[in-house]
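The values are calculated or read from the model by the stated rules, or taken from the named source; none is laboratory data. The model shown is predicted, which means the values in this text are computed figures rather than measured ones. Cβ: placed from backbone, ideal geometry, glycine included. Neighbour counts: every protein chain shown.
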Amino acid sequence: MINKKDSILNTKKKKTGIGFFSYFKKKLLKTSKTFSTNILNLFKKKYIINSQLFNELKEKLITSDISINTTKKIIDEAKKYAELNKLQNSSQLYEFIKQKMLNILLPIEIPLNINNGSKPFIILIIGVNGVGKTTTIGKLSNYFHNKGKSVLLASGDTFRAGAHEQLLSWSNKSKSIFMENNIKHDSSAIIYDAIYEAKKKNIDVLIADTAGRIHNNLSLMRELKKIVRVIKKTNKNNPDEIMLILDANIGQNSINQLKAFHDNIGVTGITITKLDGTARAGVIFSIAYEFNIPLRYVCIGEKIDDIHLFNAKNFIDAIFTKN
């Protein structure tokens, strides 16, 4: 029988970071197994360092959802390191590869700073349908609420049936304020009113939902551009953050989505969802190397508190676990 006191203590430990790495590693088990099968096995035995080894490593990296460009960078630098240090076998390359991949991720480990003096701090959430935008908004709202911030949610998704009600439900769960909209059907007008309301109530953070369609949908991009223009009418420096939500399950297709949104709207931060349910988290390396856009948060579960700041070292240590 589980002791209630122990259960509460374990919850506190997870939230305060004690034992969090074990929890995080467990959530990334699918990706970790992929890396173990595809990459780490090359270092378990002392394979001779030659062109065949590097060709095999290249193939393994690509099948781990790391792009060709990013893979080329890793391979080229590994070759130089091996030659310079006159390495004889693959096991001597293990720590170098691990550190090199960590170095790719470190530049995008930039937490979102909402304490920049701007009130409300405006976060515009964008992304294709099905990536978990509304759910992520609920998690973010709860995250900021737990840090003592007041949060207002604006339902700018007038395209999907039920989006308004779903966001209202998350608002209740996260103890945030919900901007009711019973009349207007224009997303930019709804968000404009929400900014006015947030200023009137001295709200710390305003999170605005938007419609999601496929990333090459021209009407969606026009709508998002209009929203950004309208927000800038309230303050030329707003929105403070244009956050793209990406689904980890889609692997390299994330690159196409990120490029389309960044070219059209200008992405300032990324949150990756469903990281616990995929073996394709290797795409994070491609995102880091090819775009260098901050990865703010990762979602590793369905609960309201299953959202965490991206930590490059934790991610590397978790996926480089030898199973």
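The sole residue among 13, 25, 33 that is out of contact with any helix residue (DSSP H, G or I) (no Cβ under 7 Å at 6 or more places or on another chain), modelled with pLDDT of 80 or more and assigned to a helix (DSSP H, G or I) is 33. Of all residues in the stretch 294-315, those that are surrounded by fewer than 19 Cβ atoms within 10 Å (Cβ to Cβ) and among the hydrophobic types (A, V, I, L, M, F, W, C) total 2. Candidates are the residues of the stretch 295-304 that are more than 9 Å from the chain's Cα centre (by Cα) and farther than 13 Å from residue 23 by Cα; the one that is modelled with the highest pLDDT is 304. Taken together, 140, 124, 152 contain a single residue that is out of contact with any Asp or Glu (no Cβ under 9 Å at 6 or more places or on another chain) and surrounded by 16 or more Cβ atoms within 10 Å (Cβ to Cβ), which is 140.
Is it the case that some residue within the stretch 44-63 is at positive phi and not hydroxyl-bearing (Ser, Thr, Tyr)? Checked against the condition, which is being at positive phi and not hydroxyl-bearing (Ser, Thr, Tyr), the stretch 44-63 yields no hits at all. Of the residues in the stretch 212-227, none is acidic (Asp, Glu) and out of contact with any helix residue (DSSP H, G or I) (no Cβ under 7 Å at 6 or more places or on another chain). Residue-level analysis places residue 230 among those that are out of contact with any strand residue (DSSP E or B) (no Cβ under 8 Å at 6 or more places or on another chain), among the aliphatic types (A, V, I, L, M) and either modelled with pLDDT of 95 or more or under 15 Å from residue 123 (Cα atoms) (or both).
A quick yes/no check of all residues on (1) aliphatic (A, V, I, L, M); (2) in contact with a Leu (Cβ under 8 Å, 6 or more places away or on another chain):
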| residue | (1), (2) |
| --- | --- |
| 104 | yes, no |
| 109 | no, yes |
| 130 | no, no |
| 139 | no, no |
| 145 | no, no |
| 162 | no, no |
| 186 | no, no |
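Taken over the stretch 88-100, the residue count meeting the criterion of being surrounded by fewer than 20 Cβ atoms within 10 Å (Cβ to Cβ) and in contact with a helix residue (DSSP H, G or I) (Cβ under 7 Å, 6 or more places away or on another chain) is 5.
Only a single item in (1) within 21 Å of the chain's Cα centre (by Cα); (2) surrounded by fewer than 16 Cβ atoms within 10 Å (Cβ to Cβ); (3) of a type outside the set (A, V, I, L, M, F, W, C); (4) farther than 18 Å from residue 208 by Cα is not met by residue 109, and it is number (2). Listed by position, the helices (runs of 4 or more DSSP H) contained in the stretch 155-271 that have at least 2 residues being surrounded by fewer than 19 Cβ atoms within 10 Å (Cβ to Cβ) and acidic (Asp, Glu) are 187-200. Could you check, for the stretch 255-273, whether at least one of its residues is modelled with pLDDT under 90 and under 23 Å from residue 173 (Cβ atoms)? The answer is no; no qualifying residue exists.
Could you please find all residues in the stretch 40-80 being in contact (Cβ under 8 Å) with a residue 12 or more places away in the chain, assigned to a helix (DSSP H, G or I) and within 16 Å of residue 251 (Cβ to Cβ)? The answer is 60, 61, 63, 69, 70, 71. The single residue among 103, 55 that is over 26 Å from residue 310 (Cβ atoms) and either in contact with a helix residue (DSSP H, G or I) (Cβ under 7 Å, 6 or more places away or on another chain) or not small (Gly, Ala, Ser) (or both) turns out to be 55.
With the structure loaded, tell me whether residue 139 is in a helix (DSSP H, G or I) and under 17 Å from residue 240 (Cβ atoms) or whether it fails that test. Taking the combined requirement at face value, the residue does not satisfy it. Consider the stretch 203-219 and keep the residues that are over 21 Å from residue 165 (Cα atoms) and not β-branched (Val, Ile, Thr). The one that is modelled with the highest pLDDT is 204. Whenever a residue of the stretch 102-123 is in contact (Cβ under 8 Å) with a residue 40 or more places away in the chain and assigned to a loop (DSSP other than H, G, I, E, B), its partners that are surrounded by 14 or more Cβ atoms within 10 Å (Cβ to Cβ) and among the hydroxyl-bearing types (Ser, Thr, Tyr), lying with C-beta atoms within less than 8 angstrom and at least six residues away or across chains, give the pairs 112/297.
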